[in-house]
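Quick notes on the structure that follows.
The values are calculated or read from the model by the stated rules, or taken from the named source; none is laboratory data. Model, not experiment: these values are computed from the prediction. Cβ placement follows ideal geometry from the backbone for every residue including glycine, while neighbour counts extend to all protein chains displayed.
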Amino acid sequence: MRNSASPSSLYRAILRVAQEARAAARTLAAASTEQKQAALRAMAAGLQDASGEMLAANRKDVKQARAEGLSPALIERLTLNEQRLSEMIASITAVAQLPDPVGEVVRRWRRPNGLQIRKVRVPLGVIGIIYESRPNVTSECASLCLKSGNAVILRGGAESFRSNRAIGDVLRDALDSSGLPRGAIGTIPTADRLGVDLMLRLDAYIDVIIPRGGEALIRKIAAASRIPVIKHAKGVCHVYVDDAANLEMARRIAFNAKCQRPATCNAMETLLVHERVAKTFLPRMVRTLQEAQVEIRGDQQTRAIVPGIKAATERDWVTEYLDLILSIRVVRSLEEAIDHIGRYGSAHSDAIVTNDRAHAQRFVQAVDSAAVYVNASTRFTDGFQFGLGAEIGISTDRLHARGPMGLEELTTYKYVVYGDGQLRQ
């Protein structure tokens with residue numbers, strides 16, 4: 001259904017998806033670990049068996065994206081290939097092998113009156129996920145929601161509509177074969193933006209919305225939604241090269257953080273360098289980045305050390321490029337680097353490269369981001385890399401979850417109280 005249905009018929013279609021998800025959530029909440037694992041194995045096998053159909057659907061999306069003039073970075077995020085399909089399958093398999101969080105007793109205690117109280121993990125219910133470009137998000141989010149006992153409603157970007165629909169069909173067929181309700185994995189049946197607006201009104205059926213995408217998308221959803229939103233804000237990530245850094249290590253980390261996959265939210269957007277090492281570090285670092293086609297934008301000191309690069313503006317310090325563009329600033333101290341991150345950062349992922357333990361500890365304590373690194377690339381902020389199997393998103397909120405959202409972050413809790421006739425006096 002692509003922009004062809006009337007608003008009323010589209011609303012009915014989306015409402016039906018939400019109602020089926022709500023009914024499925026009740027079944028999933030009581031499903032055994034074995035049932036969920038069987039469904040996940042069927043999902044992984046289904047993706048393998050239907051790889052040709054999914055890649056064909058993706059080629060159509062990519063062709064249309066190129067015809068519409070989408071940026072190379074967005075097309076890169078959109079594109080599926082055999083390797084990424086294998087990663088999708090491996091991610092589902094990894095989620096299947098993770099411990100089931102549902103029913104875990106987080107804490108238990110006994111009151112003086114004999115009441116036995118347990119704090120127990122339970123699913124959130126129905127999760128709505130709105131995302132852009134990357135079709136692998138469809139399978140990652142579906143697998144995590146299923147394992148944590150949640151139904152999910154997926155709404156991918158218009159540019160990946162065919163790919164997401166093909167993946168969703170495979171995953172729902174796997175649910176059929178494993179005996180779990182097909183409605184546990186729902187997709188919004190239109191690429192029209194109206195589909196998002198209608199979805200955000202269904203607070204009677206959807207318990208939480210998790211948006212994944214650019215800053216404009218997330219702000220729009222947070223403003224329009226009647227449903228609580230866990231925000232994945234932009235990733236203005238920093239690497240700070242300390243005066244006590246191993247400069248060769250710093251070069252490798254900075255290059256990886258910027259160039260390994262620049263269109264992701266955990267890629268470095270600003271490089272901060274201590275003035276004591278800047279003259280030694282920056283010429284070779286900039287040359288290496290430029291050889292990789294990175295556009296450099298520097299502050300006055302950076303441009304004095306490496307002539308011929310573009311001047312950075314105030315706007316550059318707050319920009320998530322998601323592209324081969326990098327801003328560089330020379331700072332006078334660790335504290336100035338921390339202040340810069342606090343002022344311009346997005347509380348996503350930030351790193352220090354240093355051999356000074358005291359400097360590392362100060363950075364870790366003072367930088368209030370979801371992930372803080374010492375001597376490692378920011379590109380590791382990822383559910384799979386953290387051993388969580390996959391992630392539903394990377395939250396930069398403080399409530400209800402922060403950082404890569406794995407299985408535990410897709411649960412809440414309830415109190416279960418056992419008594420033998422106690423009455424409150």
(message) Based on this model, can you work out whether ILE167 counts as of a type outside the set (Ser, Thr, Tyr), in a strand (DSSP E or B), in contact (Cβ under 8 Å) with a residue 40 or more places away in the chain and in the same structural domain as VAL122 (by TED's automatic domain parsing)?
(response) no
(message) Within the stretch 411-421, does at least one residue satisfy the condition of being out of contact with any Asp or Glu (no Cβ under 7 Å at 6 or more places or on another chain), free of Cβ contacts under 8 Å to residues at least 12 places away in the same chain and not hydroxyl-bearing (Ser, Thr, Tyr)?
(response) yes
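Which is out of contact with any strand residue (DSSP E or B) (no Cβ under 7 Å at 6 or more places or on another chain) and crowded, with 20+ Cβ neighbours inside 10 Å, of ALA90, ALA73, ALA30, ALA65?
On the way: ALA90 fails: crowded, with 20+ Cβ neighbours inside 10 Å; ALA73 fails: crowded, with 20+ Cβ neighbours inside 10 Å; ALA30 fails: crowded, with 20+ Cβ neighbours inside 10 Å.
Criteria check complete, one pass: ALA65.
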(request) Kindly indicate whether THR396 is polar (S, T, N, Q), crowded, with 21+ Cβ neighbours inside 10 Å and not assigned by TED's automatic domain parsing to the domain that holds ALA278. (result) yes
(message) Take the conditions within 18 Å of GLY168 (Cβ to Cβ) and surrounded by fewer than 18 Cβ atoms within 10 Å (Cβ to Cβ) and apply them to GLY52. Does it pass?
(response) yes
(request) Within the stretch 338-352, identify whether any single residue is surrounded by fewer than 14 Cβ atoms within 10 Å (Cβ to Cβ) and hydrophobic (A, V, I, L, M, F, W, C), and answer yes or no. (result) no
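Taking the condition of being part of a helix (DSSP H, G or I) and in contact (Cβ under 8 Å) with a residue 24 or more places away in the chain, how many residues in the stretch 73-89 meet it?
Looking only at the stretch 73-89, we keep the residues that are part of a helix (DSSP H, G or I), and these are 73-78, 82-89.
Next cut, in contact (Cβ under 8 Å) with a residue 24 or more places away in the chain only: 73-74, 76-78, 82, 84-85, 87-89.
Residues that pass the stated criteria total 11.
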(request) Report, by residue number, each residue of the stretch 277-330 that is of a type in the set (Ser, Thr, Tyr) and either touching a helix residue (DSSP H, G or I) at 6+ places or on another chain (Cβ under 9 Å) or in the same structural domain as ARG134 (by TED's automatic domain parsing) (or both). (result) THR280, THR288, THR302, TYR321, SER327
